[in-house]
Each structure stands twice: as structure tokens, then as C-alpha cells.
Amino acid sequence: MSATPLNNAMIRWGIIGCGNVTEVKSGPAYQQTTGFQLTAVMRRNKALAQDYAQRHNVAHYFDDASEVIDNPNIDAVYIATPPDTHKLYGLMVAAAGKPCCIEKPLAPSYEDSLAISQAFEQAKQPLFVAYYRRSLPRFTKVKALLDSKAIGDIRHINWQLTKPASAADLSKNYQWRTDKNIALGGYFDDLASHGLDLFAYLLGDYQLVQGIATNQQQLYSAFDAISACWQHTNGISGTGSWNFGCSGRKDSVTIYGSEGELSFSVFEEAAITLTSAGHSENIFIENPEHIQRFHVDNIRAHLAGEITHPSTGKTALHTSWMMEQILSSSLP
């Protein structure tokens, strides 16, 4: 793991982009982690930055990212902006020589993800990416079951994710999540990235990837229907389909083994179902209130030299490559 110059008993964090994701999912986790202090937040709208700071008891707020990144009283930076600004701010943090966590996906393209990853490698600073499912107890349990061969040798994984078009989609009003210039795959970039990154954690890196993508509804510029097949380096095969214009919601993952099956949901807080030798068992593990809590605590442990964090710039770069392989064959 990369060495850091942090010798403080308390590591002082600044957040770039204190929007919705930081309200409950992540921001409080930085405040509640032992040895961490959320010192400053930044948002381009200073009034909104002030509102966040006052509601969350954060001492400082700014409307200029450089006032956080270059601040001598900030030791590390969490970038929680839309993906199209991750490269801009990520390179600034790397140049400032500070550890960083960036929201997923790492960047809208593999090229930009590579630039960010290389910048932190050259700066010899750790880069974390908020693929927090790698740290959640629900999924570390899934990994433990697979590693213990609870379903024998793993053969195949399948994921189906569907949801109806939202009122905002149907209105055709602008949303950055469905702007192809920011997120080519639309909700696929935002949602499927979580699962595809998780599968690399559970089953190993991807080796061969093929996909097709289309825009069936024409409600926005990004793709809304994607299908893919792949193979992991260890020979495990996989298939997935993601459609954001169906009549109902479905989020179902099944891993098939030589001696059983393991089923779970990527997003729903549902039971893990283990089926083997004619017996079925449901395992329920509750998510924490602040869902990035274990992810952030693992950042602390990494910076303290106790572990290597499961979600780094290197692992997120591989996920960016995989997703680009799925989408690229459908580009004109």
C-alpha cells in the first residue's frame, strides 16, 4: 500500500460536492469514524454549502474547490461530485499530494479513469473509490461463502436489473445521470457499476467482455437498455441485463456452482439465499444506517497501515475498463 505523510492523530477531511450522496450515505461516516474529522465542505453554490455545514456541524464551507484541496488544514479529500468533474478535481488532489476518495464511477471513460489512477500512483498517494459494497458485511459474507466452496466450484453468475422510467425520465427534463456526455450508459453507469465492481471482488478480474447497448425509449440521450456477457480470468462465465424502461423493479443475482446456488440482491436489503444439497437457507445481514460506514473505516485502517483497502484506484480502473468494453461496441 502507498505510504502517506499523515502523522496527525486526527485526519482532517474536506468534501468536494456536498450533495445528496453525502447527506446520509457518506458524510456522517467520515464524522463517526475514529481518527477522522470532517473539517470543511465545498459546493459551487455557497449558500448550499453553508446550509450543509450548519446542519452537519462542519466548521468551514467554501464555493471554490481549491480552498479545500490546497488548504494546509485539510489532510485528505473526498470528491462527491458528478463523474464528469472527477478527473479535474482528482488531478488537483493528486498534485496537492493528499489521499483521496472519489465517488463511483471513477470517471465517465476508461481514459479519464486511467489518468486519475496514474496521477495518484505518481504522487505516491492512496486513491480510494466509493464502491462501498466491497466493505459491506452482506457482501463480505457472500465472499466468505464462495471462498469456502459452500456451492462447490463456481461456474456462472447472472444479474438482472430492471426498473420503470421515472416521472423525471418521462418529463424529459434534464438530469446529469442520463446525459450521455456525463454518463454514456445513463443509469447503467450509476447503478450497474456497483454490481460489476462487486463481481470482480467476489469472483476475480474480468478477462473477456462483450455487450450491446441501445436507447429504446428515447427519453434522454444516454443508453437505457444494456446486455452483456463476460468471462473472469479464472474461467467463470457471466451474463447481465439492465433495462430502465420495464414495468417493474427487479434486482436478482444468482451464482451457480457445481454443488448449489447463491442468490442475492445488489441494491435491495434482502436475504442471501444459499441452496445446496436440497437444503435452502436465508441469511439476513442488515446494512448500516450510513451505508459507507465500513468503507470509510477501511480507509482509516488502510491509512494506519493495518490493511489494504478493497476498493482502490486500481480496482476501480478495472471496473471502468469492463464497463467501457460493454458500451463501446454500440457506439457509432
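Summary of values
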item	result
Those strands (runs of 3 or more DSSP E) lying entirely in segment 259-301 with at least 1 residues in contact with a Phe, Trp or Tyr (Cβ under 6 Å, 6 or more places away or on another chain)	272-276
In segment 251-269, the residues that are surrounded by 15 or more Cβ atoms within 10 Å (Cβ to Cβ) and farther than 18 Å from residue 151 by Cα	251, 266
Segment 95-130, residues that are within 16 Å of residue 80 (Cα to Cα) and either open to solvent by 40 Å² or more (accessible area, probe 1.4 Å) or of a type in the set (A, V, I, L, M, F, W, C) (or both)	100, 101, 102, 106, 107, 108, 116, 127, 128, 129, 130
Residue 102 closer than 20 Å to residue 187 by Cα and either free of Cβ contacts under 8 Å to residues at least 60 places away in the same chain or of a type outside the set (Lys, Arg) (or both)	yes
Test set (1) open to solvent by less than 50 Å² (accessible area, probe 1.4 Å); (2) at pLDDT 95 or above; (3) among the hydrophobic types (A, V, I, L, M, F, W, C) - residue 184 fails condition number	(2)
Among the candidates 70, 75, 63, 51, residue that is touching a helix residue (DSSP H, G or I) at 6+ places or on another chain (Cβ under 8 Å), among the acidic types (Asp, Glu) and more than 10 Å from residue 16 (Cα to Cα)	70
Residue within segment 67-82 that is within 26 Å of residue 181 (Cα to Cα) and charged (D, E, K, R) present	no
From 145, 136, residue being open to solvent by less than 10 Å² (accessible area, probe 1.4 Å) and either farther than 20 Å from residue 189 by Cβ or under 19 Å from the mean Cα position of the chain (by Cα) (or both)	136
Residue list for segment 192-223, filter: without any contact (Cβ under 8 Å) to a residue 24 or more places away in the chain and open to solvent by less than 60 Å² (accessible area, probe 1.4 Å)	215
All positions within segment 165-186 that are under 20 Å from residue 83 (Cα atoms) and of a type in the set (Lys, Arg)	177, 180
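Quick grid of which residues meet (1) over 14 Å from the mean Cα position of the chain (by Cα); (2) farther than 24 Å from residue 189 by Cα; (3) surrounded by 21 or more Cβ atoms within 10 Å (Cβ to Cβ); (4) basic (Lys, Arg):
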position	(1), (2), (3), (4)
289	yes, yes, no, no
293	no, no, yes, yes
300	yes, yes, no, yes
304	yes, yes, no, no
319	no, no, yes, no
323	no, no, yes, no
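The values are calculated or read from the model by the stated rules, or taken from the named source; none is laboratory data. Quick caveat: nothing in here was measured; it's all calculated off a predicted structure. When we count neighbours, we look across all protein chains shown, and the Cβ atoms used for this are built from the backbone with ideal geometry, even at glycine. For the accessible areas, the whole protein counts, side chains as well, though only heavy atoms, and no ligand, DNA or RNA atoms are used. Shrake-Rupley method; radii C 1.70, N 1.55, O 1.52, S 1.80 Å.
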